[in-house]
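**Q** Dumping the structure here so I can ask a few things about it.
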Amino acid sequence: MTELAYRIDERPQRAWESLLYGWQHTLVDISPFVLPLAVASAVGMGPAQQAELINFTLLAMGVATLIQTTVGNRLPIIQGPSATIIGVMAPVGAQLGAAAMWGGVLAGAALETLFGATGALGVLRRFFPPLVSGIVIMTIGLSLGQLAVRLSVGSGSGGEIGFAIATVALVLALKTYGRRLAGGLLARAAVFLSIWLVGLVVGGVLGQVDWALVAQKPWFQVPRLFPHGAPLGWDFRIVAVAAIFAGYLGSMVESVGDYVATCEVAQEEFEKHHVDRGIAAEGVGCLVAAALGGMPCTSYTQNVGIIAATGVASRHVVRVAACILLLYGLCPKFGALLVALPRPVLGGVFLIVCGLIVMSGVGLIRRSAGTTANRFIAGLALTTALGVPLYVTHGLGDAWLAESSMFTRVALSNPIVLGVALAITLNALLNGIRQEPS
């Protein structure tokens, strides 16, 4: 297990150090720049509206993260756009229109808040003994690892792969030798320094930084409520609400897995209140996101990997990251700088982060009894959770998915949702349900 430099309730003594670690958290969150475009394309937004949607989402991320870390489960978790929810929003928006899509988003957020506030999901804690938690964490890491490889390889050119290799090498060098310098600061800031040194400095010298993208963005943008129209003008169709809420359910299941993973790497006991307060806070965050015109937010697994990589589990640091995200949303030029970096640089960081997430899961599985049943559960759940989405996506294809129900899409194309369902079901069948996880 990673030796922690700062535990959840601790904070760095120097303000600039908190700023450094917080900024580091925001540098691995690329989904705000990618996922909104799927929705924008589905509802026919133009380039200017697409850029605005990204800014609205960054602003919503900052607010949602402050809510989660202050009055939610108070774990060091960044909140950001949910691929599971957006994966449902896009087809709903394309088929039923933007008004029905936003109506479903708002209604789904209210239902998620209710789920958390009533403790309806808190009972899930008993379904997450170390074996199941380890399988879920490994699934998360391996699933994100596919994105890491795609980002690292890019078009397959030697230059792009070289950026990824250089980033990985620098992170490992700083983690290995930086502990002896500046009181270990270089080791704790390894991800931050590697992204900027390889991405901005080396990438800039080689002409791989898109400075034009940064130049065209304004310095400041005033936020406004309901930029996509007032809720009274939205279309609250039952089919849209039901479909998008299916995405919310998938997101909630993923979030529970993220809470488990965060508690594991932060060396915190996983409790029922983490689920109840966390899901309620995510629901409120999604309501705020809808009001600000951004994408619904959920917990971000890659930041769990940052904690594992750096040993900085401070909730205060994540709040600093939330304030930086607010700046990204208010200052589009500032946020565009990250988008302008070569993608393989972020891919190289992702490879390390995902590997550490996987090893956290391995550690939990090893904590379980080495019985034949447990080996069967872990092997079958992991293989199926990773294999079925690949076959559905690439074997059956988009046409088959388009004709399937929303539930089928979420259940069979999302490895994390599938991994959670399989691990819990197989463990219940072969080991029974414990009242409390050991």
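The values are calculated or read from the model by the stated rules, or taken from the named source; none is laboratory data. Predicted model only: the values in this text are computed from it and were never measured. As a convention, Cβ positions derive from the backbone with ideal geometry for all residues, glycine included, and neighbour counts pool all protein chains shown.
**Q** So for the stretch 109-130 (the condition being closer than 18 Å to Gln302 by Cα and assigned to a loop (DSSP other than H, G, I, E, B)), does at least one residue qualify?
**A** no
**Q** Scan Val209, Val205, Val284 and give me the residue that is among the hydrophobic types (A, V, I, L, M, F, W, C), within 30 Å of Ala51 (Cβ to Cβ) and touching a Pro at 6+ places or on another chain (Cβ under 8 Å).
**A** After applying the criteria, what remains is Val209.
**Q** Can you tell me which condition Leu53 does not meet? The list is (1) closer than 22 Å to Ala240 by Cα; (2) at pLDDT below 80, and all the others hold.
**A** Of (1) closer than 22 Å to Ala240 by Cα; (2) at pLDDT below 80, only one is false for Leu53: (2).
**Q** Could you check Ser143 against (1) modelled with pLDDT under 80; (2) among the hydroxyl-bearing types (Ser, Thr, Tyr); (3) loosely packed, with under 12 Cβ neighbours inside 10 Å and say which number it fails?
**A** So Ser143 meets the others, but not (3).
This table checks each residue for (1) small (Gly, Ala, Ser); (2) in a helix (DSSP H, G or I); (3) under 25 Å from Thr393 (Cα atoms).
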residue	(1), (2), (3)
Val63	no, yes, no
Ala90	yes, yes, yes
Gly104	yes, yes, no
Ala107	yes, yes, no
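**Q** Next up: Say we look at the stretch 85-109 and pick out the residues that are without any contact (Cβ under 8 Å) to a residue 60 or more places away in the chain and of a type in the set (A, V, I, L, M, F, W, C); which of these is surrounded by the most Cβ atoms within 10 Å (Cβ to Cβ)?
**A** That would be Ala90.
**Q** Follow-up. Here is a check on your reading of the model: is Val320 in contact with a Phe, Trp or Tyr (Cβ under 9 Å, 6 or more places away or on another chain) and modelled with pLDDT of 90 or more?
**A** yes
**Q** For Ser82, state whether it is of a type in the set (Ser, Thr, Tyr), crowded, with 20+ Cβ neighbours inside 10 Å and touching a strand residue (DSSP E or B) at 6+ places or on another chain (Cβ under 7 Å). Give the derivation first.
**A** Details: of a type in the set (Ser, Thr, Tyr): yes; crowded, with 20+ Cβ neighbours inside 10 Å: yes; touching a strand residue (DSSP E or B) at 6+ places or on another chain (Cβ under 7 Å): yes.
Yes, satisfied.
**Q** Looking at Glu112, Glu160 in this structure, which one is in contact (Cβ under 8 Å) with a residue 40 or more places away in the chain, surrounded by 24 or more Cβ atoms within 10 Å (Cβ to Cβ) and of a type in the set (D, E, K, R)?
**A** Values: Glu160 fails: surrounded by 24 or more Cβ atoms within 10 Å (Cβ to Cβ).
Testing whether each residue is in contact (Cβ under 8 Å) with a residue 40 or more places away in the chain, surrounded by 24 or more Cβ atoms within 10 Å (Cβ to Cβ) and of a type in the set (D, E, K, R) leaves just Glu112.
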